[in-house]
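What follows is a set of notes on a single structure, which appears directly below.
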Amino acid sequence: MINFQKTKFITSAAQLNQLVEDSLAEVAFAGRSNAGKSSAINAIVGMNGLAKTSKTPGRTQLINFFEVDKQRYLVDLPGYGYAKVPAAVKAAWQQTLNRYLEVREPLKALILIIDIRHLLKPFDQQMISWAIASNLPIHVILTKADKLSTNQAKQALFSFEKQIPSGALVTAQIFSALKKQGVDEARKIISAFLCQNLDDKTE
Ligand SMILES: Nc1nc2c(ncn2[C@@H]2O[C@H](COP(=O)(O)OP(=O)(O)OP(=O)(O)O)[C@@H](O)[C@H]2O)c(=O)[nH]1
Ligand SMILES: [Mg+2]
């Protein structure tokens, strides 16, 4: 398994021509604004301040690259659905984000962060449908589980899984950045995605 503890921030891209060029494999953290993407990254790498978090939605406004291991990256994406920026700015981000997802060759999987209390809002549904249609694996992290009881969290995971078409490349787990719940499971899955192309080459 990859050691995430040496992860370092590399760069922020505002446009597609600013993406890192040496990436062999990356996974991108997507999700609604304020869902907990940056907090999930920090919990996974075991460093509190690495990805900037905020109580105010819309904190992450650029495509941020964190190198976990040589030429392997975690990518923190801006949240979708952030309403308080001018429409033109929002449209421009959305376009950059969509094109990143469509054209990015080293992108191995999408890590979709969903607040476990707010399952499957339209945006999340769209992302899942898009990933399935594009054959891109998607791992769903149902975060903020500390806001629910253990049973409620299990129930939420169960009802989420029921809504996923069988055979789709979709996995899901319970997570809490606050309680560090599900961190090892997330690390294992992300490691597997990031090591895929290494394995492909040696096969
Ligand atoms: N209770 C609880 N709060 C969390 C958890 N994860 C994140 N939060 C809180 O949710 C808020 C948003 O977290 P961020 O990680 O900044 O969310 P984000 O998805 O990166 O937000 P944007 O960058 O604005 O799209 C912050 O106030 C966090 O402290 C969690 O597991 N449990
Ligand atoms: Mg963020």
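Results, tabulated for the structure shown:
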item: Hull volume in cubic angstrom per residue (convex hull over the Cα atoms of the stretch 128-203); result: 105
item: Antiparallel content of DSSP bridges confined to the chain, in %, to 5; result: 30
item: In order through the stretch 66-74: 3J(HN,Hα) via Karplus (6.51 cos²θ - 1.76 cosθ + 1.60), integer Hz, x for Gly, Pro; result: 10, 8, 8, 7, 3, 6, 10, 10, 9
item: Residue-wise HN-Hα coupling along the stretch 40-51, computed from phi with Karplus coefficients 6.51, -1.76, 1.60 (Hz; x: Gly, Pro); result: 5, 4, 4, 5, 5, 7, x, 9, 5, x, 4, 8
item: Listed peptides 43-55, 66-78 by packing density, highest first (mean Cβ within 10 Å); result: 66-78, 43-55
item: Helical contribution to [θ] at 222 nm, DSSP H n ≥ 4, -39,500 (n - 2.57), averaged over the chain, rounded to 500; result: -11500 deg cm²/dmol
item: Gly31 long-range amide H proximity, modeled H, under 5 Å; result: Tyr80, Ile113
item: Alpha-carbon Debye profile of the chain, log10 I(q)/I(0) at 0.11 Å⁻¹; result: -0.47
item: Under 5 Å, built H, 5+ apart or other chain: amide partners of Tyr73; result: Ala25, Glu26, Val27, Val68
item: Computed magnitude of the charge dipole of the chain (debye, nearest 20; Cβ of K, R +1, Cβ of D, E -1); result: 880
item: Under 19 Å from Lys180, Cα to Cα: lysines that are on another chain or at least 8 residues apart; result: Lys6, Lys37, Lys52, Lys55, Lys144, Lys147, Lys154, Lys188
item: Linear extension gain, Gln71 paired with Asn98, 0.36 nm per residue minus alpha-carbon span; result: 7.4 nm
item: Shape box of the stretch 19-137 [Cα atoms, principal axes, largest first, Å]; result: 36, 34, 29
item: Between the stretch 110-188 and the stretch 24-53, the alpha-carbon center distance in angstrom; result: 15
item: Amide H contacts under 5 Å for Val140, placed H, 5+ residues apart; result: Leu112, Thr171, Ala172, Gln173
item: Under the Karplus curve 6.51 cos²θ - 1.76 cosθ + 1.60, θ = phi - 60°, whole-Hz ³J(HN,Hα) for the stretch 145-155, x wherever Gly or Pro sits; result: 4, 4, 7, 10, 6, 4, 5, 4, 5, 4, 4
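Read the figures in this text as sums done on the coordinates, not as results from a lab. Because the structure is a prediction, the values reported are computed rather than measured. Cβ sites come from the backbone with ideal geometry, for glycine too, and all protein chains shown count toward neighbours.
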